[in-house]
Amino acid sequence: MHLAAHFPGVNNTTVWADPRSRSQIEFSSFEHLARTAERGKFDFFFLAEGLRLREHNGRVHDLDVVGRPESLTVLNALAAVTEKLGLAATVNATFNEPYELARRLATLDHLSAGRAAWNVVTSSDAFTGENFRRGGYLDRADRYTRAAEFVATARELWDSWTPDGTSRPFTHEGPQFTISGEFTVPRSPQGHPVVIQAGDSDEGREFAASAADIIFTRHGTLEAGRIFYADVKARLAAYGRQPDSLKIMPGVTVVTGDTDAEAQENAAEIRRQQVSPQNAILTAEQIWGTDLSAYDPDGPLPDIDPVPDSEITQGRVRHGDPSPSSRLRSSRGGPISIVARWRALAEAKGLSLRQTVIETTTRQSFIGSPATVAAELTAFVDERAADGFILVPHLTPGGLDDFVDRVVPLLQESGAFRSEYTGSTLRSHLGLPEPVWKG
């Protein structure tokens, strides 16, 4: 299996109250998690990105006040303190340009001796776009159109140098970009940086099948994973690709204990810490779409209906919205449906608002003793529900330590995971061939 480490970032999965919790912006935090991942022989280290401080009810979201540093800058620094670990940056294809970003990624690939990866994300969010010249003008349907041409253009730039080190002029003319000139960075040690696509939507799956090396996804059960895996792998043939050319790696959380029972207790305590009274109200406000500060988090659920098309939350998708452009067009899967499910659950189990939030959110993916977790991870790969996992710890920066110390050795003993790196580039870790030069 393949394993990657996701730096927890500024989100509700992180247990901020834990005395072991450290800075989200000091380099020592990034270095600790990256060194731990490399000690565990992980494929790569993964950084998310936020292009604007989120707002809730007209105020900057509390978790964002700790800062959101730029991914590639951090990874360039980590290249100096790691030797084998892949370095993956999330960079938006809506608010960047191919030449500039291809140059930055190629530079990281050289500095790290072939360990760079690009997680391609898109945005149709006008709130985020206000920070940029093209303030959110892209329709949702156009995001992947631009992203697909962006990736193709970047690859043309990376191929404008021959494998033997000769620079050639490039010209690209398309609906999104018309550029020409000479690229300044020679072909990198792994040919092209690895391309990652994050998304579960149909358009995201199709984009991954056409252009990505890894798809970063979410699915909570073995059966859901198998369905997703089969669907995405089946799309590859239309693009002349083999099943092994795209790795499916869901983001997961892990909680361990000496026994399965202790792990369940640890997981329950983590959920209580993640959902403070304040966070319970904030989560409910995202669903109801209105100010709920007058409600008691330890009391019953609000007795009002959700507000359609609410903009109480800016910079993130409202809970239950399949997309920003389809809010509450029907009750299926939207806030109305979520509120109905929450009320039924709260009535059936006698839960307060906070208890309902705990029950329905932040649930860990794999809980158990090290042996149980290792067996369940292996089963997901053996039964074609995933090719590997991107671990999202609940603690910064030491949340991966226990997994590397106690679970990884069991995976190595069973032969499910590598004991040593066999190559030096990220493509070699993933079993991906170097791209054929198309100069």
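The values are calculated or read from the model by the stated rules, or taken from the named source; none is laboratory data. Note that this is a predicted model, so its numbers are computed, not measured. Glycine also receives a Cβ, built like all others from the backbone with ideal geometry; neighbour counts cover every protein chain displayed. Each accessible area value is taken on the protein alone, full model and side chains, heavy atoms only, with ligands, DNA and RNA left out. Shrake-Rupley method; radii C 1.70, N 1.55, O 1.52, S 1.80 Å.
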Do any helices (runs of 4 or more DSSP H) entirely within the stretch 298-404 hold 1 or more residues that are within 21 Å of Ser201 (Cβ to Cβ) and at pLDDT below 90, and if so, which? 335-349
List the number of the failed condition for Asn12; all other conditions in (1) modelled with pLDDT under 85; (2) open to solvent by 50 Å² or more (accessible area, probe 1.4 Å); (3) part of a loop (DSSP other than H, G, I, E, B) hold. (2)
Please tell me if Ala80 is open to solvent by 70 Å² or more (accessible area, probe 1.4 Å) and aliphatic (A, V, I, L, M). yes
Pick from the stretch 158-200, criterion without any contact (Cβ under 8 Å) to a residue 40 or more places away in the chain and of a type in the set (Ser, Thr, Tyr), ranking: surrounded by the most Cβ atoms within 10 Å (Cβ to Cβ): Ser167
Whichever residue in the stretch 83-117 is among the acidic types (Asp, Glu) and under 19 Å from Arg187 (Cβ atoms) and, among such residues, is surrounded by the most Cβ atoms within 10 Å (Cβ to Cβ): Asp109
Provide a single number: the residues in the stretch 413-427 that are touching a residue at least 24 places away in the same chain (Cβ under 8 Å), open to solvent by less than 60 Å² (accessible area, probe 1.4 Å) and either part of a helix (DSSP H, G or I) or not polar (S, T, N, Q) (or both). 6
Unmet criterion (only one of (1) at pLDDT 90 or above; (2) on the phi > 0 side of the Ramachandran plot) for Glu223: (2)
Any hit, the stretch 206-220, residues being buried (at least 21 other Cβ atoms within 10 Å of the Cβ), modelled with pLDDT of 95 or more and of a type in the set (Ser, Thr, Tyr): no
Just checking, how many residues over the stretch 39-92 are in a loop (DSSP other than H, G, I, E, B), at pLDDT below 90 and in contact with a Phe, Trp or Tyr (Cβ under 9 Å, 6 or more places away or on another chain)? 5
